Amino acid sequence: GAGVSQSPSNKVTEKGKDVELRCDPISGHTALYWYRQRLGQGLEFLIYFQGNSAPDKSGLPSDRFSAERTGESVSTLTIQRTQQEDSAVYLCASSLRANTEAFFGQGTRLTVV
Amino acid sequence: AQSVTQPDIHITVSEGASLELRCNYSYGATPYLFWYVQSPGQGLQLLLKYFSGDTLVQGIKGFEAEFKRSQSSFNLRKPSVHWSDAAEYFCALDNYGQNFVFGPGTRLSVLP
């Protein structure tokens, strides 16, 4: 079946602009995660959605970052007033439920110029 | 606090040689543990997982890992490395069902 799909795969934006990144999880997966991976670095947790529960936003680095999820489907990560330090690969993952393995998308490479 | 360490930033092995990548964790209960592999420009692919039961788990691509509670370790092994195994490897734990905590990664290079 289809895996986790992310779009766009690449995004170049000017400093100060807003960007929206999209994630389509695997159908039926109730849990969805966003991570950030800076060049040559590990994965930094951003936000976690589980079903209809309130999301865990504890990893969002600033109030410029926000995310939404419609039910148990598509999620969007929005970065307002982008800064150069926002340049990274943004990875989305989904899992069937909590405490099960996560499956990752290919990521969105964001470059802020 | 929950954490995962991978002591080796970069490892180089010859093709056909055996491989062991180290992973240590800090967690307040019996952890759910995972190994992922990331090829350049790609997302993460799950190699194997440990939830409970047999402490030696088998994964894809000929990889295996052994959970050792006494050493807080979950080392990844492969008896014979192929050139296509060159990639970044990440160890991770399930953080009480809330998210996943990842180690910093180990970059594997394979010499012909």
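The values are calculated or read from the model by the stated rules, or taken from the named source; none is laboratory data. As the structure is a prediction and not an experimental result, all values here were calculated from the model. Cβ: placed from backbone, ideal geometry, glycine included. Neighbour counts: every protein chain shown.
Checking each residue in the stretch B:9-28 for being outside any strand (DSSP E or B), within 28 Å of A:THR100 (Cβ to Cβ) and touching a residue at least 40 places away in the same chain (Cβ under 8 Å) picks out B:ARG22, B:CYS23, B:TYR27. Considering every residue within the stretch A:34-46, establish whether at least one is hydroxyl-bearing (Ser, Thr, Tyr) and farther than 16 Å from B:GLY43 by Cβ. No, every residue in the stretch A:34-46 fails to be hydroxyl-bearing (Ser, Thr, Tyr) and farther than 16 Å from B:GLY43 by Cβ. Restrict the check to the stretch B:71-81 and report whether at least one residue is assigned to a helix (DSSP H, G or I) and farther than 16 Å from B:LEU46 by Cα. Looking through the stretch B:71-81, at least one residue is assigned to a helix (DSSP H, G or I) and farther than 16 Å from B:LEU46 by Cα. Given the structure, is B:ARG107 within 11 Å of chain A (Cβ to nearest Cβ), in contact (Cβ under 8 Å) with a residue 40 or more places away in the chain, of a type in the set (Lys, Arg) and in contact with a strand residue (DSSP E or B) (Cβ under 6 Å, 6 or more places away or on another chain)? Criteria met by B:ARG107. Residues of the stretch A:95-111 that are in a loop (DSSP other than H, G, I, E, B) and farther than 21 Å from A:GLN80 by Cβ: A:LEU96, A:ARG97, A:ALA98, A:ASN99, A:THR100, A:GLU101, A:ALA102, A:GLY105, A:GLN106. The residue that is surrounded by the fewest Cβ atoms within 10 Å (Cβ to Cβ), counting only those in the stretch B:32-64 that are facing another protein chain (nearest Cβ under 10 Å) and not in a strand (DSSP E or B), is B:GLY41.
The condition of being out of contact with any strand residue (DSSP E or B) (no Cβ under 6 Å at 6 or more places or on another chain), more than 26 Å from A:GLN37 (Cα to Cα), within 14 Å of another protein chain (Cβ to nearest Cβ) and not acidic (Asp, Glu) holds for only one of B:ALA29, B:ALA17, that being B:ALA29. Looking at the stretch A:38-79 only, could you name the residues that are assigned to a strand (DSSP E or B) and out of contact with any Phe, Trp or Tyr (no Cβ under 8 Å at 6 or more places or on another chain)? The answer is A:GLN50, A:PHE65, A:SER66, A:GLU68, A:THR76. Scan the stretch A:80-90 and give yes if some residue there is in a loop (DSSP other than H, G, I, E, B), within 11 Å of the chain's Cα centre (by Cα) and modelled with pLDDT of 95 or more, otherwise no. The answer is no; no qualifying residue exists. Condition test on A:ARG22, is it crowded, with 16+ Cβ neighbours inside 10 Å, part of a strand (DSSP E or B) and of a type in the set (Lys, Arg)? When the stated conditions are applied, A:ARG22 does not pass them. Residues that are closer than 16 Å to B:GLN45 by Cα and small (Gly, Ala, Ser) within the stretch B:83-98 comprise B:SER84, B:ALA86, B:ALA87, B:ALA92, listed in sequence order.
Take B:PHE67 and decide whether it is under 19 Å from A:LEU43 (Cβ atoms), surrounded by 15 or more Cβ atoms within 10 Å (Cβ to Cβ) and not polar (S, T, N, Q). No.
Summed over the stretch A:90-113, the residues that are more than 7 Å from chain B (Cβ to nearest Cβ) and within 14 Å of A:LEU46 (Cα to Cα) give a count of 4. Within the option set B:GLN58, B:GLN6, B:GLN2, being at pLDDT 95 or above and within 26 Å of A:ALA88 (Cα to Cα) holds for one residue only, B:GLN6. Taken together, B:VAL101, B:VAL81 contain a single residue that is of a type in the set (Val, Ile, Thr), crowded, with 17+ Cβ neighbours inside 10 Å and either touching a Cys at 6+ places or on another chain (Cβ under 7 Å) or within 26 Å of A:GLY105 (Cβ to Cβ) (or both), which is B:VAL101. In the stretch A:74-95, the residues that are farther than 29 Å from A:GLY51 by Cβ never reach a residue that is aromatic (Phe, Trp, Tyr) and outside any strand (DSSP E or B) with C-beta atoms less than 7 angstrom apart, at least six apart or across chains.
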